[in-house]
1. In segment B:300-313, is there at least one residue being in contact (Cβ under 8 Å) with a residue 24 or more places away in the chain and at positive phi?
2. What are the residue pairs meeting all of these: first residue in segment B:8-37, first residue within 14 Å of another protein chain (Cβ to nearest Cβ), second residue modelled with pLDDT of 90 or more and not in a loop (DSSP other than H, G, I, E, B), Cβ atoms under 8 Å, and 6 or more apart or on different chains?
3. Just for strands (runs of 3 or more DSSP E) wholly inside segment A:22-136: which have at least 3 residues that are buried (at least 24 other Cβ atoms within 10 Å of the Cβ) and assigned by TED's automatic domain parsing to the domain that holds residue A:170?
4. Just give me the residues in segment A:140-156 being closer than 12 Å to residue A:47 by Cα and not in a loop (DSSP other than H, G, I, E, B), in sequence order.
5. When residues of segment B:216-274 are filtered for being modelled with pLDDT of 90 or more and out of contact with any strand residue (DSSP E or B) (no Cβ under 9 Å at 6 or more places or on another chain), how many remain?
6. Considering only residues that are within 7 Å of another protein chain (Cβ to nearest Cβ), farther than 30 Å from residue B:218 by Cβ and buried (at least 21 other Cβ atoms within 10 Å of the Cβ), which ones fall in segment B:293-345?
7. Which one of these does residue A:245 not meet: (1) in a helix (DSSP H, G or I); (2) away from chain B (no Cβ under 11 Å)?
8. Which of (1) farther than 30 Å from residue B:291 by Cα; (2) modelled with pLDDT of 95 or more; (3) within 12 Å of chain B (Cβ to nearest Cβ) does residue A:210 not meet, given it meets every other one?
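The values are calculated or read from the model by the stated rules, or taken from the named source; none is laboratory data. A quick note: this is a predicted structure, and the numbers were derived from the prediction, not measured. Reconstructed Cβ throughout: ideal geometry from the backbone, glycine too, with neighbour counts over all protein chains shown.
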């Protein structure tokens, strides 16, 4: 019965690929870059477009206002159980533009791969779920369970409005399970299922020198804010690259036995990962299982950007007046962003860096759902059914998101499953891409998942 | 006789201030930024304009080609002695533009102060000397000594063509003394006379990570070039800000007894200097004579600029693929840029940073003329004559220039004297300025200096 339904759906997808793709391209053509100030009108237009697509699929949808960009909320179906689907319609900034081979907001297919900002994170995933729902309802009518969509517009700037939204709409969002965004195949083409996310603290360190740039003849006596940042940063990692932030290690909750077992089952193709990055070795020479555990189970102290002084062509001999560094600390269970921010401020003050301003840009809690939960089993079984390679279960993912709002605060088992992106998708980077085959497979997967969830 | 000449000239200046100022403004309106590639045509136009001004003053002038921007060369007068005047018609980039209160290339007078890129470094100085010459020749006819002008167009990018030019035109440039660019009053309004310059090595350190920016979920294992630079930089200065570049100290030639005596006579208003910068203390808490000696007698390792990753508004969570830092090392007598570059490369290689590329952008030798030379006495006596405060003699200056080509290679006693700029002139920075009174005084000074030099 399910097999035949599945087959029908695959045929339906096969017969309407052009229309499905055109619809995705239309979505990708909207430059919904949440890190950019202003441009509210066109941003709202993107939200309304998503809403219209949910309505076409039969859902009752509405825009819900926040202090920032609106949330698209929708409901469809009725039954004993409820599934919440989370995604986002905003995207990362496309810069540096000169590294894109085609316009980031003019989707282009090259050799079966679709290039556009947001295709892998997260518009492809959002669109695949809506199209799967439409295929289901066109064939079967209303869902025999309640499906709720929460599609926000600020994920790429740390979801500043989402905590209040979730807390104010706890009843509306109540569910038995949640499919979070994050839709990925590994380098061997196996769907990845993630059961948790890292937390994150995103900050800027700012140092100031003279009130204006000085001629560098004064380089021996003028305060140099770029050097000041280097001096502050050297206290955060030692000369071997190990994090030395006072008290950070003490906050780490050790991973569970089941988590460690799941990690042991992950086939980690480190050679392919390094090749996709074009590097010969990982940071600090990490290899194999050691590198995988570092990525999934350990906090980070990443420099995402740094700038000071003259950075144009040629030479300009100045002592800069300002310097800043943008850093994200990825946090594991036990490390909340608030306390880590306090640790950082105390750490710097203790070493005489009270002049270095610590700007709190945002924080996200870590989240975890047990790897042996029924939701994870449904996801694994659905992948087995659609004929894909065996899915690989990850207890956590190196990335972050506001997953903890749902997984921890609302207590809803939450996972990421889907297959739109892959390890070469260049998420957050120029030439972001997704394979068309994976995209269409994901539509079929979600349709099957809805069937399984109903039973 | 000299006094009456001088008085005539001061009256002449008094009566033609508007014309003199308009001529300077026309010069300042030409955006001759040598750090910018291209735009050769308008650059040549600036050189031709300078040439025409020299011709108006009675000199035989010509453009002399180099591999870069042309040199303006001129000669006038005849006699037993020869004076060479060096200046440059190029300027520093005006960036950051948003910090200028008026257009850097639309000169504006506010409260007796003229604001424009290049007014203090070095167009004001160049123009004052040409106008002084014109005043002299209009009144007295040809000079009774030979005056040579060498005005180049690449000083702000390290004078890459000047070494070859000077070496190929050794005979043409031969002189008994040289007035170098550098025209400055101290914070008490006293003219400063500089008898030497620091050398400089300007480099970029470049680090590379993955072939593209990565999602910072990989922050724990991806090579991060920004962190790599921090790790390299921490080996160049210790945690107290002291330079720790292997072997640099061993190259320093100790200053002479006369130099040290001259430094003891300098009145160093450190409070005013800090106030002009808007800072409470110098780097490393240096104060008084200690700070002055650091500035004049010690090498520096300055970060002039650094950039990596995302530096726009909001937060972008990436591991950057590239990072670079621009550094200038100001060098004292004994430290040639070539050997210091070798030291730097060896220093980094010895510590495992062979992956960090060291890009040699340019080098300049240090230069020194004895503080008790006849040329210095002439400059001091001329200032006394024009009624300015006692001039202050500096054995060296914190800044650099290709002074060594003339002072060392050609063996010509070389000093800097003039009074166009002051400690608030913001040389190389936004809102560069010069006081109109100082400018007109400098014209009178140079006219008197020519008279003294003739006798």
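1. Taking every residue of segment B:300-313 in turn, at least one turns out to be in contact (Cβ under 8 Å) with a residue 24 or more places away in the chain and at positive phi.
2. B:32/B:46; B:32/B:91; B:33/B:91; B:33/B:156; B:34/B:91; B:34/B:155; B:34/B:156; B:35/B:156
3. On the way: elements: A:60-64, A:71-76, A:82-88, A:108-110, A:113-115.
Per the criteria, A:82-88.
4. Keep residues of segment A:140-156 that are closer than 12 Å to residue A:47 by Cα, which gives A:150-154.
Scanning segment A:140-156 gives A:150, A:151, A:152.
5. Number satisfying all stated conditions: 15.
6. Of everything in segment B:293-345, those that are within 7 Å of another protein chain (Cβ to nearest Cβ), farther than 30 Å from residue B:218 by Cβ and buried (at least 21 other Cβ atoms within 10 Å of the Cβ) turn out to be B:295, B:300, B:302, B:304, B:328, B:330.
7. In the conditions (1) in a helix (DSSP H, G or I); (2) away from chain B (no Cβ under 11 Å), residue A:245 misses (1) alone.
8. Evaluating residue A:210 over (1) farther than 30 Å from residue B:291 by Cα; (2) modelled with pLDDT of 95 or more; (3) within 12 Å of chain B (Cβ to nearest Cβ) leaves (1) as the failure.
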